[in-house]
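Novice: Here's a structure for you.
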Amino acid sequence: MNYDQIFLNALKSVKDEGRYRIFMDIERKKGDFPNAIWRCEKGSSDIIVWCGNDYLGMGQHPSVIYEMEEALHKVGAGAGGTRNISGTNHYHVLLEKELADLHGKESALLFTSGYVSNEATLSTLGKLMPDLIIFSDELNHASMIQGIIHSGCKRHVFRHNDLAHLEQLLEASDPDAPKLIAFESIYSMDGDVAPIKEFCDLAERYNALTYIDEVHAVGMYGARGGGVAEQEGLMDRLTIIEGTLGKAYGLMGGYITASDLIVDAIRSFASGFIFTTSISPVIAAGAVASIKHLKSSSLERELHQKNAALLKQKMKDASLPVMPSESHIVPLLVGDAVICKQASDMLLKEYGIYVQPINYPTVARGTERLRFTPSPVHSEEMMDHLVTSLKAVWARLDIDKYASAA
Ligand SMILES: *Cc1c(COP(=O)(O)O)cnc(C)c1O
C-alpha cells in the first residue's frame, strides 16, 4: 500500500483543475485597514485587502480593542475549560444576553465558530427529532449541509430561493412529520437575498420550524444590526436565528438565538457545544463591545451600503462583468478557474490588490469569480485604483472571452 500516492493523487486533481489553494501570508495594520503587508519568498509589499469579511472594519474599532485589552488584563488569556467545567466566564454570559437581545429572542448560545453553530445545531435537531424532515436550500453553506447530513434525517433540497419548489416538496411530505426549513438570508457568493417572509408563510402553512443563517447580514442590516430579518420585521417569525462574530463583528465565534426551551435543548445535547473549550473571554468581551456599538451606530452600515453601491456602479461604468447582487457583495465573473487564479495573482503582484479567486466547490464550475467586499474603510481613491487595475488585467488576460463562454 502506497499511502503517499493516495494523498498525491488527491492533490494532483485539484492542482490540475487550477484550484489548488495557496494561503496569502498577510499582516493587517490596525488603524489602517484595509491596508496590509503581504509576505512571500521575495520579501514583503504593501497591499489593499479587497476580499475581507471584516465588512465594517470592526476588527480595528477602538472600543473593541480597548475592551479586549481590559479583559485580557483582568481575566487572562483563555477560558480555562468547557462551558460546563469552569469555562463559563462572565463575559460569555454578557455576550449571550447581548445576542438574545439583538435578535429579540429569549436566549442565545455561543459556539466556537459560525461553522460549528450550524453543524452542531442542525445535527442535534435531527437527533432530538429522528423523524424530522429537513428542507434545505441548494446553495446553503457547507456547515449547514454537514449539520443536515449528520442529523441523519430525511432531507429535501429545494432549488435556490424557489418557493414553488419548496411548497411542492412540503406538500408531498407526511403532514404529521416534524419539519424544518433551513436557509440563509444573504448568500455570500452571489449576494442575493432570500424571500424570508414567504419562507415563514410556508412554514406556518405546513407547520414547520425555520432556521436562518444570517452570517453575512448580522451587524450590517437592520436598525440595530440584527440582520435582514430585523430589517424586514421578521425576527419573531423565525424559530432559530444563527450568526457569526467573525464577519461584520470583526472577531470570531458563532451563535444561535431562539426560545429558552430550544436553546436549553441544544445546550444539553449538542456534542459540538458541550465537548469543547469555550471561546476566550477576551474575544467575548470584544464581541460585546462590537455588537453594542453596532446596535447604536448606523454610520458604519450606511457607509458600507454607499461604498458597495459606488463600487458596483464604477465597475459597471467600466464595463466590467459585475454579477447581479442585491447586497454589499460585489462578484465579478471570470468563468474559468485557471484564469481566475492568474488574474488574482497578477492583481496582487503587480497592482497591490488582494482578492482571492473563488472557485469550485465554493461556486459552480464555469462561474469562477473574483469577489470584492468594499467596506467603510475603502476610499473612493482605492476604488478607482481597483477599477483601473481590473481593466488592465481583464485586457491582458482577455477575460471577456471566458466570461461570455460561461
Ligand atoms: C462564513 C460562514 C459561516 C461560518 O461562519 P464562521 O464563523 O466563519 O465559522 C456560516 N455560514 C455562512 C453562510 C458563512 O458564509
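Novice: Projected area of the range 214-281, taken from the Cα convex hull and averaged over every viewing direction, in nm²?
Specialist: With the hull built on Cα positions only, its mean projection is 5.1 nm².
Novice: Using Cα positions and a limit of under 12 Å, work out the aspartates and glutamates in reach of Lys314, with same-chain residues fewer than 8 apart set aside.
Specialist: Of all the aspartates and glutamates, those that pass the test against Lys314 - Cα under 12 Å, at least 8 places apart if same chain - are Glu380, Glu381, Asp384.
Novice: Assuming a viscosity of 0.692 mPa s and a temperature of 37 °C, what translational diffusion coefficient in µm² per second does Stokes-Einstein assign to the range 97-140, Rh being the Kirkwood radius over Cα pairs?
Specialist: Translational diffusion coefficient: 267 µm²/s.
Novice: I need the shape label for the range 223-323. Rule: rounded when a/c is under 1.5, else prolate if a/b > b/c, else oblate, with a, b, c from the alpha carbon gyration tensor.
Specialist: Prolate, since a/c reaches 1.5 and a/b exceeds b/c.
Novice: Cross-link partners among lysines for Lys341, C-alpha distance below 18 Å, same-chain residues fewer than 8 apart left out?
Specialist: Lys12, Lys15, Lys349, Lys391, Lys401
Novice: Relative contact order for the range 352-406: what percent, with Cα pairs under 8 Å and sequence separation of 6 or more?
Specialist: Reported relative contact order: 27 percent.
Novice: Counting only other residues whose beta carbon sits under 13 Å from that of Lys391, what net charge do I get with K and R as +1, D and E as -1?
Specialist: -1
Novice: Looking at the chain, which longest stretch skips every one of the GluC sites (Glu not before Pro) that is in a DSSP loop with at most 15 other Cβ atoms within 10 Å, leaving the sites themselves out?
Specialist: 139-325
Novice: In addition: Considering the Cα positions of the range 1-119, please state its Rg to one decimal place and its Dmax as a whole number of Å.
Specialist: Looking at the range 1-119, its Cα Rg and Dmax stand at 20.6, 57 Å.
Novice: Turning to a different aspect of this structure: Using modelled backbone amide H atoms (1.01 Å from N, in-plane), which distant-in-sequence or interchain residues come within less than 5 Å of Lys154's amide H?
Specialist: So Lys154 has HN proximity to Ile134.
Novice: Give me the net charge for the shell around Thr124: Cβ to Cβ below 13 angstrom, other residues only, Lys and Arg +1, Asp and Glu -1.
Specialist: Surrounding charge for Thr124 is -1.
Novice: Rounded to the nearest 500, what is the chain's calculated 222 nm mean residue ellipticity when only DSSP H runs of at least 4 contribute -39500 (n - 2.57) each, over all residues?
Specialist: That comes out to -13500 deg cm²/dmol.
Novice: For the range 77-234, restrict the atom set to alpha-carbon positions and state the Rg and Dmax in Å.
Specialist: 16.4, 53
Novice: So if the hydrodynamic radius of the chain is defined as the Kirkwood radius over C-alpha pairs, what does Stokes-Einstein give as its diffusion coefficient at 10 °C and 1.306 mPa s, in µm² per second?
Specialist: 71 µm²/s
Novice: Can you work out D for the range 34-88 in µm² s⁻¹ from Stokes-Einstein, where Rh is the Kirkwood radius over C-alpha pairs, the temperature is 4 °C and the viscosity is 1.567 mPa s?
Specialist: Calculated translational D: 89 µm²/s.
Computed from the coordinates by the stated procedures, all read-outs in this text should not be read as laboratory data. For clarity, every value in this text was computed on a predicted model and none was experimentally measured. Ideal geometry is used to build each Cβ from the backbone, glycine not excepted, and the neighbour counts take in all protein chains shown.
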